[in-house]
Structure formats: C-alpha cells, structure tokens
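S.K.: Please read through the structure below; I'll follow up with questions.
The values are calculated or read from the model by the stated rules, or taken from the named source; none is laboratory data. Since the model is a prediction, treat every value here as computed from it, not as a measurement. Here the Cβ is made from the backbone with ideal geometry for all residues, glycine too, and neighbour counts use every protein chain on show.
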Amino acid sequence: MTRLRAFLNRQNLSTKVTLMTVGALVMLSAVLFIGTRLLLVQDARAQGEERLDTNMRVAWSVLQRSGPDYAVRDGKLYVGGTPLNDNNAAVDRMKELVGGTATIFMGDMRVATNVLKEDGSRAIGTRLADGPVKDAVLGKGQPYRGEADILGTRYFTAYDPIKDPSGQVIGVLFVGVSADDFYRNVDSLGWHILLLAVVVAVIAAALCMRGARKLFAPLETASATMMRLAKGDNHAEIADTERPDEIGGIARALLVFRDAAVAKEAADREQRQVVERLAGSLAQLSAGDLTAEIAHAFPGTYEGLRTNYNAALTELRGLIGATGESTISIRGSSFEIAQASEDLARRTEASAASLEQSSAALLEIDNGLKAGALAAAETVTRADEAIATVGGGRVVAAEAVDAMRRVSDSATNIDGVIEGLDKIAFQTRVLAMNAAVEAGRAGEAGRGFAVVADLVSALAKRSEEEARSAREQLTVTQSEIVAALGAVERVDGAFEGIAEDVAQVHVLLGGMARSNRASATSVSEITAAIGAMNIATQQNAAMVEQASAAARGLTEEVDRLAAQASLFKVA
C-alpha cells in the first residue's frame, strides 16, 4: 500500500485520472462478472432442480410398472412381485428415458445402480454415507434435495423414501444429474462477459488518457509558469488569463503573484539600504559610542525607524550618564550596610550559642524530672501492689482465725464424745462384773460365759484408758489451738498496721509524682520556647549573613556597573 501511494504521488494529474477511470471500470467489470455468474448459477440450479423433479417422476413411473406395493422378503427388496436387487434394467431404463443417474437402496445399501466406479463396475453393495441425507430419508421418512459429490463428480441429487404398505421406510430411490453439465455453460458465458469487460476497459482507458492529457495541458503550462516565478523570474509571460473557467482563475492568480513579487523586489531594495545604514550605526553603538545618531533620512515608511532609533539613543545616553552618578552613592551605602550586617551577624551568632547551651541544660533537667516522675509513678504502682498484697494477707489471716475457732469448737465436741465413750466403757465393765457373778452362780455350765465376761471387762478397762489418753491429748491440742489463734490475730493486727503505713506512703508518693509531672511539663514548655527562640535566632543569623553577603555582592556589582558605564561615550 505504501509503495502504491508513492507511485501515485509521482504521477501527473492526467495519469491519475486515467488510473482512477480504469480502476472504476475494473471494479464495475468485476461486479458485473460476479453478479452475472451468481445469476447464472442460480438459474443453473433451478434448471437442475426441475430436471431432478422430472427424473424422479420418471423413475417412480418405471418402478410402478411392476406393481404399486414395496416389501422386503428373504433379504431382498421387491416391487410387486419383481425383485429390485441387482435389477439394473430398471435404472438403465430411467437413464434411457431422461438421462442422469439412478440408484435403488434397500435400507442404506445400494442394490441397483447405473453409477459406475473407476474400474467400470457398478457401485452395488456400497452403503449410503452418514449425514443429512440419511437422517432425512431413512430417519424421518422425508425426501431430500441438494448437491452432492458422488465418486468425484458433482451432482444435483434427489432422494425419496421407499415405504412398505404399513408406511415403514424400507429403501431409498435416488436420481441425479451432473451439475457440471449445467455449470459448464455458466463458466463459458462468464469468461465471455469478463473478456468483453476487459476490452471495454482498455478502450475506455485509451480514450480517457487522450482526453485527460488535452484537458490538463493548460495546467501543465501554469505549473511551469509557477516554477519560473518561484525561481525569481518576475518577467515570465502568463497565458490563459481571459479564460472563464478554473484555469483562467489560476492564471489570474499567477498574475497577481507576479505583480506582488515585483513590488516585493522593490521593497527589498529599500529595506537593504535601511539595514545597511542601521547596521553601521549599531556597530558604533556596540563599540560604546552613544553619540552615533543617523543623520541621513530613510526612504518611505522607514523614516519613523530612524526617528525612533535616534530618540532611543538619546534616552540611553542620559540613562548611562545617570547610572554612573548613582553608582558612586550606592557604593558608599552598600559598604555601610555590609559592615552593619557583619556586626549584627556576630552578635546574633553569640546569642544563638548561648540559647543553645541553655536549651541543652534545660533539656537535661527536663529528662531528669521526667525520669523522677516515671520512678514515682512506678513506686506508686508498687505501693498499690503492696496494699493489695497486705489486703490479701489480712483476708487469709481472717480465714485462718475462723478456721482455728471452728477447730476449737470441734475439739470441745470431741471432748463430749470421749466422755460418752468413758461412760459406755464404765457401764460395760459393770455389766461384765455382773455377768461374771452370774457365771459363778451357774457353776461349770457358766465357765465359758465367765471367760467372755473377763474379756469384755478387760476390753472396757482398756477403753477407759484410751479415752483418758485421748482426753489428755485433746487438752494439749486445745491449748495449742488457742495459742495459734492468738498468733494469727496478732499477724492480722500487724497486716492492718502495714496497710495503714503503705497507704500513707502511697499518698506521699502520689503527691511527689504529681509535682514531678507538673515540673516536667513546665520545664518542657520552657525548653520548647527556648528551642523555638534558638531556631529563630539561628534563622536570623542566617538571614543576617545572607544580607551581609548580598550587601558585599551589591558593592561588587556597583563597582562592575560603574566600570561598565565608564566604557560608554556620552559626550
């Protein structure tokens, strides 16, 4: 595409118009060829369908000569009493009557056909391929029409189902005509139309080229005239100015361009004269001569430029003279400003150093107070924990006192139980003595009972001794419990005194912590204020140094300005 565009850009207008015309004719020929071919193809298909309908009617009439009914018996397809398997006479008769091809299927297998294989034999025994034909005819019992490729040849095909008296599809009747016979005429006629279109396009291109060259000849002449004017030939002759069409308009425009070029050439001569005189005066001005005025008048409208130049030079001469006088007074003032700025900078630096030291000292005090406040707060926290611990100890001591009292009550109850056991042992011994007396009275018969009475008496005596020992031990235990109860009550009193002392310490430490925090806050505010003063002082010192440097720079600039002003000649 880029190369084609570059090729077209190199051509002249006549060639471009010719190429456009030829392109339009080629497109028209292509559209005509394609449209005609489509119409011919549709017409060929319509003729093929009509031919198929005729062939199908003939094929059915040939088969119905043998009978109206179709059936499959003993693995063969019958029409009436005539078998159709290998009955090629019927399909050959169809071909003799209407031409084309015909095939009889039993189910999906070919049993009679006039379609030949490549080796010349009939295509019997082959099956109908799976596809829309098989689905429509054998699956749905409907006829099918369309194009198909059979053994490498295109055919217009028609398939009708063969049904038995019950309506079941048992076979297929096929007829076909070669599509190439119909399309051959279409191709021939299409190529003739295309050849005619090419011949017409060539003739039209030749006529268009001749007419375009004659039409664009004045434009080529105008183009050549433009090139001469562009090269500076302002005396070129311009033709066709009297024509009323666009070419005449172009010629008249060229005439205007030529007259404008002549006027511009005269203006350029005047401009060169003015520039030469102005350049001489500017050269003197660049050398510092402010008295280099232009005395000779400029031609035409350039006189105003000379007047303005001389007026500007006069103003500049006065400005340079006044600048030389002003630099002397500015030099003295800038020197005094520089000296004052340096003194102020030294004092500001000393103040900044003192403020910085004060800020550092206050910062250390602030850190100490903050640390003390933190320590006091930590001590208060620990005192709170000690109060909580003492409170817990008092609770435990109270629980121990209650437990000791309950144990003392239990010991008293145990004493009553031991006294009861002692009484039981005494009564048991009395009963044993009575039993022994009765056994003695019984004589020999009561000896065994006397032995048991002795044993019971001994057991009762031992029980009395154990009860007496338990009472003694219980007495000792009660005395110990009383002593322990007194000790626990004294511990509870000690815990109460500790809790009161720790509470006082907590109050004192809380006051110390609040005082330290207040002092730390005040010192922090003072530190921040001194820090801000320190920063402001340092900024002032920097500004003073900048002002001093600016004053020294101003002095140097004034010196240079005075030196530069002295180079100009003002009188």
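S.K.: Out of ALA353, ALA345, ALA338, which single residue is under 30 Å from LEU554 (Cα atoms), assigned to a helix (DSSP H, G or I), under 60 Å from the mean Cα position of the chain (by Cα) and at pLDDT below 70?
M.R.: Working: ALA353 fails: at pLDDT below 70; ALA338 fails: under 60 Å from the mean Cα position of the chain (by Cα).
Answer to the check: ALA345.
S.K.: If you check THR54 against the conditions, is it assigned to a helix (DSSP H, G or I) and in the same structural domain as TYR155 (by TED's automatic domain parsing)? I'd like the intermediate steps shown before the answer.
M.R.: Values: assigned to a helix (DSSP H, G or I): yes; in the same structural domain as TYR155 (by TED's automatic domain parsing): yes.
So THR54 fits the description; yes.
S.K.: Now a separate question. Looking at TYR159, TYR144, which is the one that is out of contact with any Leu (no Cβ under 9 Å at 6 or more places or on another chain) and within 15 Å of MET56 (Cα to Cα)?
M.R.: Values: TYR159 fails: out of contact with any Leu (no Cβ under 9 Å at 6 or more places or on another chain).
Matching residue, one of TYR159, TYR144: TYR144.
S.K.: Going by the conditions given, is THR15 surrounded by fewer than 18 Cβ atoms within 10 Å (Cβ to Cβ), at pLDDT below 85 and not assigned by TED's automatic domain parsing to the domain that holds VAL172?
M.R.: Here the answer is no, as THR15 does not meet what is asked.
S.K.: Report yes if GLU500 is among the charged types (D, E, K, R), at pLDDT 75 or above and in the same structural domain as THR381 (by TED's automatic domain parsing), otherwise no. Spell out the reasoning first.
M.R.: Details: among the charged types (D, E, K, R): yes; at pLDDT 75 or above: no; in the same structural domain as THR381 (by TED's automatic domain parsing): yes.
For GLU500, the condition - among the charged types (D, E, K, R), at pLDDT 75 or above and in the same structural domain as THR381 (by TED's automatic domain parsing) - is not met.
S.K.: Can you spot a residue in segment 506-520 that is part of a helix (DSSP H, G or I), of a type in the set (Val, Ile, Thr), under 30 Å from ALA377 (Cα atoms) and modelled with pLDDT under 75? Working first, answer last.
M.R.: Within segment 506-520, the first condition is being part of a helix (DSSP H, G or I), and the residues that meet it are 506-520.
Still in the list and also of a type in the set (Val, Ile, Thr): 507.
Applying the additional criterion that residues be under 30 Å from ALA377 (Cα atoms) yields 507.
Subsequent filtering for residues that are modelled with pLDDT under 75 retains 507.
Yes, that holds for at least one residue.
S.K.: I've got another one for you. Inspect segment 91-108 for any residue being hydroxyl-bearing (Ser, Thr, Tyr), over 26 Å from PRO132 (Cα atoms) and either at pLDDT below 80 or in the same structural domain as ALA136 (by TED's automatic domain parsing) (or both) and give the result as yes or no. Write out each step before concluding.
M.R.: At the first step, the residues of segment 91-108 found to be hydroxyl-bearing (Ser, Thr, Tyr) are 101, 103.
Next cut, over 26 Å from PRO132 (Cα atoms) only: none.
Checking segment 91-108: not a single residue is hydroxyl-bearing (Ser, Thr, Tyr), over 26 Å from PRO132 (Cα atoms) and either at pLDDT below 80 or in the same structural domain as ALA136 (by TED's automatic domain parsing) (or both).
S.K.: Can we say ARG127 is in the same structural domain as PHE174 (by TED's automatic domain parsing), charged (D, E, K, R), farther than 23 Å from GLY167 by Cβ and out of contact with any helix residue (DSSP H, G or I) (no Cβ under 7 Å at 6 or more places or on another chain)?
M.R.: The answer is yes for ARG127.
S.K.: Which strands (runs of 3 or more DSSP E) sit wholly inside segment 97-201 and have at least 2 residues that are closer than 30 Å to PHE33 by Cβ and in contact with a strand residue (DSSP E or B) (Cβ under 7 Å, 6 or more places away or on another chain)?
M.R.: Details: elements: 101-106, 109-113, 144-150, 153-163, 169-178.
Ranges flagged: 144-150, 153-163, 169-178.
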